[in-house]
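The values are calculated or read from the model by the stated rules, or taken from the named source; none is laboratory data. Quantities reported herein were computed from a predicted structural model and do not represent experimental measurements. Because the Cβ atoms are built from the backbone with ideal geometry, glycine has one as well, and the counts that use them run over all protein chains shown. Side chains are part of the model used for accessible areas, which takes the heavy atoms of the whole protein and leaves out ligands, DNA and RNA. Shrake-Rupley method; radii C 1.70, N 1.55, O 1.52, S 1.80 Å.
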Amino acid sequence: MIALCFFVLELLFFATDSIGVPAHTYVSGDVGGTPYLSIWFMVSFLVPAALVMPLVGGLKARYGVKTLAVLAPGLFGLACVFSSMATDPQWFMAMRIMQGLGGGFIPAIAGGYLGGELGKDYNPMGKGLVALAGISGSAIGIPISALLTWDLSWRFMYVAIGLIALVAVFIISSLMPRTPGDPTFEIDWLGYGFMSGGFGLLALSLVVGNQREWFADPIYVLMLWTSIVLLGLFAWRIFTKPKLIDTRIFKDINYCIGLVNLSSVVFFLFMVFALVPRFLMVATNNTIENYAFTFLPFVAAAITTGVLITPRISPYLIAENPRHKKWLCSSGILAFAFTALWIANTNSQQNNHNIGLQLICVGACFAVITGMEIQMALTTMAAELMVSASSVLFFCTNISKAISGGVSNAILTVTTQGSWTRFREHIHPSNPAMEPFLQPFQGHSAGITGSSWSQGSLELINKEIARQAEVVAFINIATTAGLVLLLLCALPLLHRSPTKTKGQGKSENGIQLTSPKR
């Protein structure tokens, strides 16, 4: 029952993490904000959630895992409930920050319990469930949030998430045995300040720079250089006093490879993944409800594939041994690269059925890549290090997602600005392509009129330019991600298979488990 509760909590965290910009646009309008605040509603959750993760290992050692397993998800659940009561953007954003601070503990604590506390026979299944919860939550968050927002209310959605989380916390509090901590355990708060300040300012600077013309704005320049200085100080602190993170996790070569692979691939994967809802609404004129239904095949493909690669859950387990996992993951990255290039071959007349087929491929590849890399990264990790390993792994992936969102929005802004300039060069009365925009208003009131134009025709033209600029931006981002992923598809092959050395115990990660006899 405890394992099920941790699985549900992790699923809720990733589902909340993947609530997209369109759903938050409705929230912004309801609480008196503008559509441009929706990106801040996402960042205010994602960045705090990522920044608290490196602390989890130290806090677990100091206060015990049960304390964290009750307080942190409890804060997450209460913040979700209180966010549903928001009447202004500031209150909602504050609750999103609290959701991130509480929810950021969940993947690490759930990973530690599922991957290290189920017993030797079931730990492989538990590590697979860690990946499956992340896959399922990320997949269902987009369509479910859209449907609930459209058909019921975003307030109902957040109340439901909060109450389910609080029920899971109550069960964990009742059934989980108390785990005392070590009050004398030292946490490097100075190093944590350097780390959180550096990565936090870097992620936020991408949003600020995108909204304030980058280096033309002194606030962005100050944030960027401050983040660089703080990250440099954090690197110095790690090498001189490595107490923030349990460095024993980096002795596992498979974990280190998985950390680099997952962070790199997730960066480009989410560049495409996060823009599809916006493309469906702006370029192809879908409502939030329509794009939710278009995403349902993606959800089915992702969850089905995730189940098929989870040990002891799948009746027909795919890629059971490490060699097969490596090749399957590499094939998944290659397939996603080709799918991204397929998606890049698009236009504003794209129909939802074709997009649905593309999303099925994206869902299957997303599940294979994420599931295989998490399993390979954690499969040789010692049980007592699972909390620290999970916290650092999910910190890297969440920071990659935050930075990826900033980079993709920057590409979107630069591309659309250039596209507006290019498309407007062809707008003049003698261009026959303008006839469809002028004809509907002949003989009818068209608002403010001039010698060649009317208010109505200009509104139609500007709307069409916006659609085409969105298409060009989406093509550029999908093409960039696809080409880079073609180069990254060999990374999973660097993972090492478990070995057994004569005279020693089984060394799954290449580390000596028992001392040799003298």
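How much length, in nm to one decimal, is gained on full extension between L486 and E384, taken as 0.36 nm per residue of separation minus their Cα-Cα distance?
Numbers: separation 102, 0.36 × 102 = 36.72 nm, distance 3.63 nm.
Between L486 and E384, full extension yields an extra 33.1 nm.
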Worksheet item: How large are Rg and Dmax for the range 282-356 when only the alpha carbon atoms are used, in Å?
Response: 16.0, 45
Response to the item:
Measure of exposure for I135: accessible area at 1.4 Å probe, Å² rounded to 10, is 0
Discussion item. Apply the Karplus curve 6.51 cos²θ - 1.76 cosθ + 1.60, θ = phi - 60°, to the phi angles in the range 97-103 and return the couplings in whole Hz, x for Gly and Pro.
Written reply: 4, 5, 4, x, 5, x, x
Worksheet item: Using θ = phi - 60° and the Karplus form 6.51 cos²θ - 1.76 cosθ + 1.60, what ³J(HN,Hα) does each residue of the range 324-334 get, whole Hz, x for Gly and Pro?
Response: 5, 4, 4, 6, 5, 5, 4, 5, x, 5, 4
Worksheet item: In what sequence, largest accessible area first, do I228, I249 appear using a 1.4 Å probe?
Response: I228, I249
Worksheet item: For the range 340-381, what is the largest minus smallest coordinate of the Cα atoms on each principal axis, given in angstrom and ordered from greatest to least?
Response: 49, 16, 10
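What accessible area per residue comes out for the range 1-155, rounded to a whole number of Å², with a 1.4 Å probe? The partial results should precede the final answer.
Values: 4940 Å² over 155 residues.
Per-residue value: 32 Å².
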Fill in: For N286, distant residues with modelled amide H under 5 Å away
M281
Item to complete: Mind grabbing the accessible area of T287 for me, 1.4 Å probe, Å², rounded to tens?
Response: 50
Worksheet, complete the sentence: The summed charge of the L244 Cβ neighbourhood (under 14 Å; Lys/Arg +1, Asp/Glu -1) stands at +3
Item to complete: Using only protein heavy atoms and a 1.4 Å probe, report how much of E320 is accessible, in Å² to the nearest 10.
Response: 140
Worksheet item: If Lys and Arg each add +1 and Asp and Glu each add -1, what is the summed charge of the other residues whose beta carbon sits under 14 Å from the beta carbon of I477?
Response: 0
Fill in: Solvent-accessible surface ranking, highest first, for Y192, Y291, Y316 at 1.4 angstrom
Y316, Y192, Y291
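Below 10 angstrom from the Cβ of L129, what's the summed charge of the other residues (Lys, Arg +1; Asp, Glu -1)?
Net charge in that neighbourhood comes out at +1.
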Discussion item. Using C-alpha positions alone, give me the convex hull volume of the range 110-256 per residue in cubic angstrom.
Written reply: 205
Discussion item. Students sometimes get this wrong: rank F268, F273 by accessible area, probe 1.4 Å, all chains present, largest first.
Written reply: F268, F273
Worksheet item: If you find the alpha carbon centre of the range 61-94 and of the range 370-415, how far apart are they in angstrom?
Response: 22
Worksheet entry | Computed Rg/Rh of the range 225-372, alpha carbon atoms with Kirkwood Rh | 1.08
Discussion item. Apply the Karplus curve 6.51 cos²θ - 1.76 cosθ + 1.60, θ = phi - 60°, to the phi angles in the range 244-255 and return the couplings in whole Hz, x for Gly and Pro.
Written reply: 6, 10, 5, 5, 4, 5, 7, 7, 8, 5, 5, 5
Response to the item:
FRET efficiency (A300, I219; Cβ distance; R0 35 Å; to 0.05) is 0.20
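Please state, as a whole number in µm²/s, the translational diffusion coefficient that the Stokes-Einstein equation yields for the range 1-138 at 4 °C and 1.567 mPa s, with Rh defined as the Kirkwood radius across alpha carbon pairs.
Working: Rh = 15.5 Å.
Rounded, D is 84 µm²/s.
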Fill in: Most to least packed among 169-179, 3-13 [average Cβ atoms within 10 Å]
3-13, 169-179
